[in-house]
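The values are calculated or read from the model by the stated rules, or taken from the named source; none is laboratory data. All values reported here derive from a predicted model rather than from experimental measurement. So basically every Cβ, Gly included, is an ideal-geometry build from the backbone, and we count neighbours across all protein chains shown.
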Amino acid sequence: MKKGVIWINGASSGIGEALAESFASHGASLLLTARRYDNLEKIKGRLTDTQVAIAKLDIGSLPEIEAFDLNTKCEYGIGCLINNAGITTFTPAEADPMDLIRQIVEVNLIGTIACIKKVLPLMIEQNGGTIINILTVAAKKVFTNSSAYAASKAGLAMYSKVLREEVRKYNIRVVNIYPGATATPIWPESVLQKHSSRMMQPEELALMIRNLYENQGSVVSEEVELRPLKGDL
Ligand SMILES: NC(=O)c1ccc[n+]([C@@H]2O[C@H](COP(=O)([O-])OP(=O)(O)OC[C@H]3O[C@@H](n4cnc5c(N)ncnc54)[C@H](OP(=O)(O)O)[C@@H]3O)[C@@H](O)[C@H]2O)c1
């Protein structure tokens with residue numbers, strides 16, 4: 001595992017938790033953030049073989065991100081930011097209240113960009129680093145009942161494509177991952193009961209993402225779609 005802290009936001013459940021376990025199993029130093037601090041404590045309690053720092057951070061709050069002291073948590077540099085925190089709805093556009101749409105955009109797009117802005121000075125100074133965005137296949141293909149989610153993730157995808165070209169000169173890799181359906185608590189229980197067996201498991205996804213991070217050398221997998229073998233739901 002390369003040196004430097006791996007910061008995973010939204011590490012308190014689902015894919016983020018699986019990423020934490022996967023990176024920890026290869027000796028990475030981790031910084032895990034989310035709103036549910038008690039969940040982070042439980043996860044940290046299981047990851048005893050590596051250095052794990054946890055912190056409460058609501059990425060829907062720009063002042064919180066601004067005040068977040070990243071530098072002291074990255075004494076030996078930052079290896080990677082994994083932008084995993086995300087929220088969605090499963091309702092038609094006409095039923096989504098504006099404040100909920102705003103919240104989705106504030107977390108999935110604005111707050112995530114603020115996390116990127118937080119790591120950029122460190123990565124530029126150390127002349128390298130990796131930013132991995134956990135996007136969604138819904139940023140590329142139309143799935144109904146997730147319009148604000150799709151818009152927020154597609155916005156982050158395009159932001160990151162532009163950013164990628166700007167930061168190549170600093171050896172910063174920007175990786176967009178577009179996962180298909182994965183069995184996590186983001187889905188309503190009724191959907192999980194019906195479809196979880198044909199969804200990806202978060203541990204499988206985490207393994208693929210860790211491999212992408214570890215095996216890059218001078219080659220970068222910049223845009224990656226990861227789907228269940230049986231295809232989209
Ligand atoms: N599951 C899928 O089928 C699927 C497919 C494609 C992409 N994704 C993406 O994968 C990512 C992880 O989702 P998941 O499926 O693992 O669902 P999940 O278990 O619900 O995880 C979502 C994570 O985001 C965090 N989060 C939400 N709002 C936050 C906020 N305001 N500030 C900080 N953290 C926040 C949650 O932590 P707290 O609640 O503790 O803050 C939680 O750790 C999301 O970005 C999602 O869009 C999922």
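Tabulated results
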quantity: The stretch 172-213 - residue that is near the ligand (Cβ under 7 Å from one of its atoms) and β-branched (Val, Ile, Thr) and, of those, surrounded by the most Cβ atoms within 10 Å (Cβ to Cβ); calculated: Thr182
quantity: Residues being of a type in the set (Asp, Glu), in a helix (DSSP H, G or I) and surrounded by 14 or more Cβ atoms within 10 Å (Cβ to Cβ) - total across the stretch 96-132; calculated: 1
quantity: Which numbered condition Ile78 misses (of (1) touching a residue at least 60 places away in the same chain (Cβ under 8 Å); (2) closer than 25 Å to Ala138 by Cβ); calculated: (2)
quantity: Residue match in the stretch 91-104 (condition: without any contact (Cβ under 8 Å) to a residue 60 or more places away in the chain, within 22 Å of Ala53 (Cβ to Cβ) and small (Gly, Ala, Ser)); calculated: no
quantity: Only listed residue being touching a strand residue (DSSP E or B) at 6+ places or on another chain (Cβ under 8 Å) and either among the charged types (D, E, K, R) or at pLDDT 95 or above (or both), chosen from Glu41, Glu75, Glu64; calculated: Glu41
quantity: Test result for Gly217, within 19 Å of Ala138 (Cβ to Cβ), without any contact (Cβ under 8 Å) to a residue 60 or more places away in the chain and exposed (fewer than 13 other Cβ atoms within 10 Å of the Cβ); calculated: no
quantity: Condition met for Val167 (outside any loop (DSSP other than H, G, I, E, B), within 17 Å of the chain's Cα centre (by Cα), surrounded by 12 or more Cβ atoms within 10 Å (Cβ to Cβ) and aliphatic (A, V, I, L, M)); calculated: no
quantity: Sole exception among (1) in contact with a helix residue (DSSP H, G or I) (Cβ under 7 Å, 6 or more places away or on another chain); (2) under 27 Å from Met199 (Cα atoms) for Phe90, by number; calculated: (1)
quantity: Residue that is surrounded by the most Cβ atoms within 10 Å (Cβ to Cβ) [pool: residues in the stretch 145-164 that are hydrophobic (A, V, I, L, M, F, W, C) and touching a residue at least 40 places away in the same chain (Cβ under 8 Å)]; calculated: Leu156
quantity: Residue tally, condition among the hydroxyl-bearing types (Ser, Thr, Tyr) and more than 17 Å from Trp187 (Cα to Cα), over the stretch 140-159; calculated: 2
quantity: The stretch 30-46 residues that are closer than 23 Å to Gly4 by Cα, paired with ones that are assigned to a helix (DSSP H, G or I) and of a type in the set (Val, Ile, Thr) (beta carbon under 8 Å, 6 or more apart); calculated: Leu32/Ile43
